[in-house]
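> Here it is: the structure, laid out below.
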Amino acid sequence: MARRVLVAGVGMVPFRKPSAGATYDELGRGAVRAVLDDAGLPYDRIQQVYAGYVYGDSTCGQRVVYGFGRTAVPVLNVNNNCASGSSALWLAHQAVRSGAVECALAVGFEQMPPGALSAKWNDRPHPLTGFREVLEEVYPLDPALPGTPQYFDAAGREYLEKYGAHPETFARVAVKARRHAANNPYAVFRDPIGLDDVLGSPVVAGGLTRLQCCPPTCGAAAAVVCSEEFARANGIAPRVAVAAQALHSDSDDVFTRKSAMSLVGTDVTRAAATEVYERAGVDARDVDVVELHDCFTVNEVLTYEGLGLCEEGGAEKFISDGDNTYGGRVVTNPSGGLLSKGHPLGATGLAQTAEITWQLRGEAGARQVDGARLGLQHNLGLGTAGVVTLFEKVS
């Protein structure tokens, strides 16, 4: 029988530019140290470890946790593109929920190089070849430009054409991200920016400017999940629980739809969110705070609709009415999101988990969303992996 899973603790280290020089093992250990302190647990109480990262050789997870002891527990390394951290959490949650273990650690970290994302293996088939071939049919790509921004620029153009929205709608997301990040000591970029700053920054691809793209970042975050029985036995107060969680990959029509929006995961997001709401018996309108995958401003706009925070085609009004921020319907990315907090690939999903947990525990300081009881976390990796997790405050 499936069991309730509690968040025993969360932790992260401040995100930094690649030039800051910290190595992945230093970053990862900082996050593990923080989560164990938060949970009030020694490392030898952890029964399984899942480590999410993208830029690293095999068994980096072991190098990180061996700094806390070699306790013979299983350590699994998870690479699911930008959803690696949330995929690690999904596995840890599954292990506890199924009864396989009582307590599991998910840690995500990334030591990223500067500059745009690029392929590291050029002597074998690229996993996104099928996606690129379909995208080329509807939105020709420029081989001289980085590939990833072009996917999202194409999705943005498709959205504007489909719904008659204005390009400034995307730029407003970046302005909001900086405003939120001003109160987050973990964020890379905290200085305010205006609409003219965003639109006037250097063009990266098509309509996407630099300030509409998340920065390459180094960082780490972690979460410990456990059963209610384990919490009682170890003096852990049950404050936040996983209400529901789903991980989806693409369905059969991803290549036949000829849609750039589908290629960047909008269908996966919608399917995972629908499953989570149904499992938890709630509606999107019940959610108080959201941390979503704003790798580009375009993706935040698409994700509003994929998560059901507003109706399809309604994101422009949702933004202009201020329903995506404090005083509106639901606060999105109070941390500043990937756009301002930064995007160390393997750490991102667990940093989102930390923010939602702090919000539900009432520990987010100046970022606090009043009365937050339900928090939604969304993490997406191209190729495709989409994770949606609903957390609830435990009374």
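The values are calculated or read from the model by the stated rules, or taken from the named source; none is laboratory data. Just so it is clear, the model here is predicted, and its values are computed rather than measured. Don't worry about glycine lacking a Cβ; one is built from the backbone with ideal geometry, like all the others, and counts go over all protein chains shown. Calculation scope for accessible area: heavy atoms of the full protein, side chains included, ligands and nucleic acids excluded. Shrake-Rupley method; radii C 1.70, N 1.55, O 1.52, S 1.80 Å.
> Taking Cα pairs under 8 Å and at least six residues apart, what relative contact order does the chain come out at, in percent?
26
> Using only Cα atoms, locate the centre of segment 182-209 and the centre of segment 5-70, then give the distance between them in Å, rounded to an integer.
If you average the Cα positions of each part, the centres end up 29 Å apart.
> For the pair GLN62 and ALA233, how long in nm is the line joining their label points, each one 7 Å along Cα→Cβ?
2.7
> Here's another thing I want to ask about it. If you fit an axis through the alpha-carbon atoms of helix 84-98 and take the longest principal axis of the Cα set of the chain, what angle between them do you get, 0 to 90°, nearest 10?
40
> Determine the order of ARG361, ARG285 by accessible area, beginning with the largest, at a probe radius of 1.4 Å.
ARG285, ARG361
> Please compute, over every Cα-Cα pair in segment 21-127, the percentage with a separation greater than 20 angstrom.
The answer is 41 percent, as a whole percent.
> Would you work out what percent of the accessible area of the chain, with all protein chains in place, is carbon or sulfur (probe 1.4 Å)?
49
> Determine the sum of side-chain charges near ALA233: Lys and Arg each +1, Asp and Glu each -1, restricted to other residues whose C-beta is under 13 angstrom from that of ALA233.
-1
> Would you please put 244-254, 95-105, 261-271 in order of how densely packed they are, using the mean number of other Cβ atoms within 10 angstrom per residue and starting with the highest?
261-271, 95-105, 244-254
> In straight Cα distance, which lysines are under 22 Å from LYS317, not counting same-chain residues fewer than 8 positions off?
Reachable lysines: LYS162, LYS176.
> Per residue, what accessible area does segment 222-330 have, given a 1.4 Å probe and all protein chains present, in Å²?
I get 37 Å² per residue for segment 222-330.
> Next up: Name the most mobile residue of ALA34, ALA83, ALA22, meaning the one with the largest mean-square fluctuation, in a Gaussian network model of the chain with Cα contacts below 10 Å.
Judging by the Gaussian network model, the answer is ALA22.
> Please report, to two decimal places, log10 I(q)/I(0) for segment 321-395 at q = 0.27 Å⁻¹ as given by the Debye formula with identical point scatterers on the Cα atoms and no solvent.
Computed log10 I(q)/I(0) values: -1.40.
> Distance from a point 7 Å along Cα→Cβ of ARG132 to each backbone N in segment 376-395: keep the residues under 17 Å and list them by number.
Answer for segment 376-395: 382-384.
> Expected output is a single nm value to one decimal: the length gained when fully extending between GLU168 and LEU145, i.e. 0.36 nm times separation in residues minus the C-alpha distance. What is it?
6.0 nm
> Where both partners of a DSSP beta bridge lie in the chain, what percent of those bridges are antiparallel, to the nearest 5?
Once the DSSP bridges in the chain are tallied, antiparallel ones form about 70 percent.
> Among GLY308, GLY336, GLY375, which one shows the highest mean-square fluctuation when the chain is modelled as a Gaussian network with alpha-carbon springs under 10 Å?
Maximum among the listed residues: GLY308.
> Next up: When only DSSP loop residues count, what GluC sites (Glu not before Pro) in segment 260-336 have their Cβ near at most 15 other Cβ atoms within 10 Å?
GLU311, GLU312
> Report the one residue of TYR53, SER262, THR332 whose Cα lies farthest in the direction of the positive end of the charge dipole of the chain (charges on C-beta: Lys and Arg +1, Asp and Glu -1; origin at the Cα centre).
TYR53
> Still on this structure, I have one more. Are there any trypsin sites (Lys or Arg not before Pro) in segment 98-176 that are in a DSSP loop and have at most 15 other Cβ atoms within 10 Å? List them by number.
Within segment 98-176, the qualifying trypsin sites (Lys or Arg not before Pro) (loop, at most 15 other Cβ atoms within 10 Å) are LYS120.
> To the nearest 20 debye, what charge dipole does the chain have about its Cα centre, counting +1 at the Cβ of each Lys and Arg and -1 at the Cβ of each Asp and Glu?
For the chain, the charge dipole is close to 1100 debye.
> In addition: What aspartates and glutamates does LYS258 reach when the alpha-carbon gap must be under 19 Å and sequence neighbours fewer than 8 apart in one chain are set aside?
The qualifying aspartates and glutamates are GLU133, GLU136, GLU137, ASP142, ASP153, GLU158, GLU161, ASP250, ASP267, GLU312.
> Helix 129-138 versus the longest principal axis of the chain: what angle, 0 to 90°, nearest 10, using Cα atoms?
30
> Then there's this: For segment 242-321, report the translational diffusion coefficient in µm²/s to the nearest whole number, using Stokes-Einstein at 10 °C, 1.306 mPa s, and a Kirkwood Rh over Cα pairs.
Value of D from the Cα-based Kirkwood radius: 119 µm²/s.
> Moving on to the next point. Based on Cβ point charges of +1 for Lys and Arg and -1 for Asp and Glu, what charge dipole magnitude is obtained for segment 343-395 about its Cα centre, in debye rounded to the nearest 20?
With Lys and Arg at +1 and Asp and Glu at -1, about 40 debye.
> Also, quick follow-up: Whole Å is fine, so just give me how far the alpha carbon centre of segment 77-120 lies from that of segment 261-318.
21
> Continuing with this model, one more query. What relative contact order, as a whole-number percentage, does segment 17-176 give when Cα pairs under 8 Å and 6 or more residues apart are counted?
Relative contact order here is 23 percent.
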